[in-house]
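Written out below as structure tokens is the structure these notes cover.
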């Protein structure tokens, strides 16, 4: 196929996203990295899904339209934030995390090839070094987003997390890539990263039962973003992240609205 | 008292805020304009409050600390976003609102004096013109935050909204200032504002029963931010707002995390 035909297809794919994925403000392009919370939203096998209850929707007696709902959710489901308190004692809850830890320069490390070959892949230091060999050493204070490619499976539970079984039986059948504990430790100590995000349900891989990567990150109060959407739309570097969790008092985590800001 | 003593007191007051209110990133000062969601959080008299249920908190069998919760809430309570769908048929829900409508240059219009004298005060065009006489005409696309001063009453329901009664009886007893419908219309047509926020429970004043200001704003898809915190910490102008609601699919509103970014 001719190059211009590919370009046309790329253009269509890029701009056929739902309206709210892209926006533009003050010379910046905004990309929404958040999945909607609805019936499809993926939660951990042991949690109920997102539940919306319609309070009222329609015309009121006075003649105006009105709608309002209530909802119930687990802190840790859909696109969400893990506060340090989630896996470490006496660490910051959602409302206590300083906002500068959730905002700043970010990069995307692409590990799609290895992850598509192995659903239990552990992202290694070598994967980060490969990114660095192309883009230069990670700067201290960088927000690192890990692109496993699993976003393309959302919201198919079986493809995205290895199983659609619920409960503790489901947990044992989880398969998806994650960040290895050693790499997490190295990213903190040797690269002084600010936060880390991933396009899977958990920063620990699906088959983890000890959650060591969570423990290492939360001990050092490194924010974790999980089920991050649309990582395929981001470049390797040179963009900013604003990640704002719902401010749940004493929360161990929360629904997260996370966006990328790119220069045009 | 000497000037330096006043300066010292101002310094203490400014920096004695909870840790998470202030932060700093890339030469910008960040101010959190969001109340925490907890037992104290103020909801409309007809809604239940925010309910957090502890799922687990403590040491697991495997020896690591773990905590996770679930929660239930109304869309419209605490610091929250009113989507256009809230008061107008066939308008954008939370997940559909383009993000550029929630991000950008903002101003604070101070109406504290009039509002402290009259709990049923309706913010008028003259109040906006007074701001303009000092600061210049509002630029198209500005996010307008209305400072009534009622933030100082949070979370005392009686002082903040006139009553702590629940149910429809409580609604009749609501007293707090709001934006007049005529001024909302003028702000849209003559000033082309992008969004509007207020430090009270509703953009319509407490005694409204027809919610005309909501209807005018939602018809034109102007986002509304309610129960915005810490407006007393903001200058008249020259700062930016990032307002990111929880992305509730089909939501008429949602918990909102809203921050201001100021040049240092």
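Laboratory data are not the source of any read-out in this text; all were calculated from the coordinates shown. Predicted model only: the values in this text are computed from it and were never measured. Don't worry about glycine lacking a Cβ; one is built from the backbone with ideal geometry, like all the others, and counts go over all protein chains shown.
What is the Cα centroid distance between the stretch B:106-163 and the stretch A:158-187, reported in whole angstrom?
Each part reduced to its Cα centre gives a spacing of 49 Å.
Where in the stretch A:64-79 does the label zone of residue A:166 land, with the point 7 angstrom along Cα→C-beta and an amide N cut-off under 18 Å?
Label zone hits: A:71-78.
Considering Cα pairs under 8 angstrom that are at least six residues apart, work out the relative contact order of the stretch B:159-212 and quote it in whole percent.
For the stretch B:159-212, the relative contact order is 43 percent.
Peptides B:199-207, A:94-102: what's the order by average Cβ count within 10 Å, highest mean first?
Per-residue mean Cβ counts within 10 Å order the peptides as B:199-207, A:94-102.
Please tell me the relative contact order of the stretch B:38-95 in percent, rounded to the nearest whole number, where contacts are Cα pairs under 8 Å and at least six residues apart. Can you show the working numbers first?
Numbers: 75 pairs, mean separation 16.3, N = 58.
Computed value for the stretch B:38-95: 28 percent relative contact order.
For the stretch A:103-217, calculate the relative contact order in percent as a whole number, restricting contacts to Cα pairs under 8 Å that are 6 or more residues apart. Mind dumping the intermediate values first?
Numbers: 200 pairs, mean separation 37.2, N = 115.
Worked out over the stretch A:103-217, it gives 32 percent.
Have a look at the DSSP beta bridges in the protein assembly as shown and tell me what percent are antiparallel, nearest 5.
Of those bridges, close to 75 percent are antiparallel.
Per residue of chain B, what 222 nm ellipticity follows from adding -39500 (n - 2.57) for every DSSP H run with n ≥ 4, rounded to the nearest 500?
Helix contribution divided over all residues of chain B: -6000 deg cm²/dmol.
How long are the semi-axes of the ellipsoid equivalent to chain A, from square roots of 5 times the Cα gyration tensor eigenvalues, in whole Å, largest first?
In descending order, the three semi-axes are 28, 25, 20 Å.
For residue B:90 paired with residue A:54, estimate the spin-label separation in nm (one decimal), with each label point 7 Å from Cα along the Cα-to-Cβ line.
About 1.8 nm separates the two model spin labels.
Students often get this wrong: which residues of the stretch A:203-228 have the backbone nitrogen under 14 Å from the point 7 angstrom along Cα-to-C-beta of residue A:175?
Flagged as within label range: A:206-208.
Please give the peptides B:249-262, B:79-92, B:54-67, B:177-190 ranked by average Cβ packing (other Cβ atoms within 10 Å per residue), highest first, as a rough proxy for protection. Before the final figure, lay out each step's value.
Details: B:249-262: 24.6, B:79-92: 23.1, B:54-67: 12.9, B:177-190: 20.3.
Output ranking for B:249-262, B:79-92, B:54-67, B:177-190: B:249-262, B:79-92, B:177-190, B:54-67.
What's the FRET efficiency of residue A:29 with residue B:139 using the Cβ-Cβ distance as r and R₀ = 22 Å, to the nearest 0.05?
For residue A:29 and residue B:139, the calculated efficiency is 0.55.
Mind checking the mean number of beta-carbon atoms from other chains within 10 Å of the Cβ atoms in B:73-82?
The per-residue average across the peptide is 3.
Just checking the output field for A:57-64: average partner chain Cβ neighbours within 10 Å of each residue's Cβ?
3
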